[in-house]
Structures are given as C-alpha cells and as structure tokens.
Amino acid sequence: MSDIAFLAQPRVRDGISIVPLWSVDSVWAIGKDCPFKGSLVTPDVLVDVPIYTTAPPSGLFTNMMAWFGARAVKPGRVVTCDTIAIIARLASARGGAALVPQAMVSAFGDELGLRIPDADPPLPPLNICAMWWDDAGGIECAYMANLARQLGAALSGGRLGAPIAAET
C-alpha cells in the first residue's frame, strides 16, 4: 500500500517523487472596507494593509512574500489562518486583503463584496502536485497522480489552470 499526497508548491526533498498536476491562479481579494482605491494593486499600495494568508511555508504565503519582495518591501501586518476558505472572509469582514485562489473568489460570487484588482507585478500561479516516497509504490502513485489530473480537469470544466508538463 502506498501513500500519496496532493500539495500546493511542495518542497523538493531527497527520496520524494513530485509530479506537477496543474496550476491555480491567485488573486488579491480586497475587502469592501479596505481603504484601497483603484483597479491596480502594487506591493507599495498594500504595505500597510492587513494581509490575510495561509501560514508559512504554504505556497500562498511564499507567493505573497515573493510578490512584496519583488518591490523590496515587506507587508506591515500579516495575519495567518490555516483554513483557506476563511481567508477571503477575514479580508471582507476586517477591511484587509487576501491572496487566494481565483476559483475560490469566483465561488463566493458577490456574497463577500470583495474587489479583485489587477496586480503589478503579476501574481505567480500555485502549482498543485502529487508527491510520494520514492520507495513506496511508484507505479501505483504515478497512476493515482494521472487519475487526479484527469479528474481535476473533468470536474473543473477547464477552470483549473493549465496542466503542468511533468519533468522527464
């Protein structure tokens, strides 16, 4: 019996196989009471706005810090929450900004009153991967990873980001 995990932005380690499945686009979701105005958000604009994200070393946290770092600034206040479904709600209720998967914001519709501005620099996608221990049934795990890729594509109706080509 083999164990397989599905993670966003997994860390590469010896003895673990990682197979990219697809990418997920992220957006800044700005709460209705956030003082931000406009249609373009930059690290300088959000530096003093409360930022809601998942805890490190998550892919969202890493992408958020890299986004700010691209302009050599650090966010002044970062609030972490391990439940990704709550992050957009926190931004909405507390007047901040959340870096979340675009599909999640689309699922909320107008319920939360979030604004989705363009981002400069552009936000990198989250890479969703399958991973397993090298000595734990590679053939079975590779089969499950491929099945997950097909299932994700079928269930999303193409709303998931493009499949990532596996390394050869």
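The values are calculated or read from the model by the stated rules, or taken from the named source; none is laboratory data. Given the structure is predicted, the values throughout are model-derived calculations rather than measurements. For neighbour counting, all protein chains shown are included, and Cβ atoms are generated from backbone atoms with ideal geometry for every residue, glycine included.
Just a few scattered comments:
- Test: residue in region 15-26 that is of a type in the set (Asp, Glu), closer than 21 Å to LEU90 by Cα and at pLDDT below 95: yes
- Any chance PHE36 is aromatic (Phe, Trp, Tyr) and at pLDDT 95 or above: no
- Candidates THR83, THR53: the one that is among the β-branched types (Val, Ile, Thr) and surrounded by 14 or more Cβ atoms within 10 Å (Cβ to Cβ) is THR53.
- Just so you know, in region 75-98 the residues that are under 9 Å from PRO50 (Cβ atoms) and of a type in the set (Lys, Arg) include one that is nearest to the chain's Cα centre (by Cα), and it is ARG77.
Per-residue answers, yes or no, for (1) under 24 Å from ASP44 (Cβ atoms); (2) at pLDDT below 90:
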residue: ARG89; (1), (2): no, yes
residue: GLY96; (1), (2): yes, no
residue: GLN102; (1), (2): yes, yes
residue: GLU111; (1), (2): no, yes
residue: ALA136; (1), (2): no, yes
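- Summed over region 89-123, residues that are crowded, with 16+ Cβ neighbours inside 10 Å and farther than 19 Å from SER39 by Cβ total 5.
- Residues that are out of contact with any Pro (no Cβ under 7 Å at 6 or more places or on another chain), surrounded by 19 or more Cβ atoms within 10 Å (Cβ to Cβ) and more than 13 Å from THR42 (Cα to Cα) are absent from region 61-74 altogether.
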